[in-house]
Each structure stands twice: as structure tokens, then as C-alpha cells.
């Protein structure tokens, strides 16, 4: 019984300190969905198009982190993406979200 309680407390501690699970909920929390959708172009490209374009490129997470943090224009069209600092999405959450996008942006 003590072992079961210890495991439960450990799981609870990890669950409350781990970054948010990458999913549509995380994209909504960071307000990415104001410009991006999972599978259709809006103001910006869809998450699936981003994932397909950058999948398997070496160093892509660092490249995309820089694009999200600094903003940019010209890769997907004329409309620029505004910078998105850590106050909008924490570093750990951004990395989780980028992995989700690069894995195909499942609709969970």
C-alpha cells in the first residue's frame, strides 16, 4: 500500500510540473490558432503543411523556434508572422508544440 501511495504521489508531482502536453489545446492556449489551423491555410500555413515542409530537416526545431520567437515573412507568403515571446508560450511548451507539428499535428 505504501508503494502504491508513493507511485501515486510521484505521478501527481510529475503531472503538475511537466510542460503542457502538445496538442491542439496547447496551440489554443498560446493563441496560435488565431492564424493557424491543423489542416487548412488561414492567415498562416496549416500545422500539417509546416510539418510536411520541415520534417526530417537537421536542426529544424532550432530554426522553427527562432522563427516563432523572432517572427518573419516571405517563406509562406507576404503576411508576416509576429514575434511570439516566452510570455506567450513558454520554451518547454514551444518545443512540445513544434514536435507535435513536425510529427504531423494529430488532431487530439
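Just so it is clear, none of the values below were taken in a lab; they were calculated from the coordinates. What you see is a predicted model, and the numbers here were worked out from it, not measured in a lab. Neighbour counts are summed over all protein chains in view; Cβ atoms, including those assigned to glycine, are modelled from backbone coordinates with ideal geometry.
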Taking segment 47-91, which residues are exposed (fewer than 12 other Cβ atoms within 10 Å of the Cβ), part of a helix (DSSP H, G or I) and either touching a residue at least 60 places away in the same chain (Cβ under 8 Å) or in contact with a helix residue (DSSP H, G or I) (Cβ under 9 Å, 6 or more places away or on another chain) (or both)? 91
Conditions: (1) in contact (Cβ under 8 Å) with a residue 60 or more places away in the chain; (2) exposed (fewer than 14 other Cβ atoms within 10 Å of the Cβ). Residue 32 meets all but one. Number of the miss? (2)
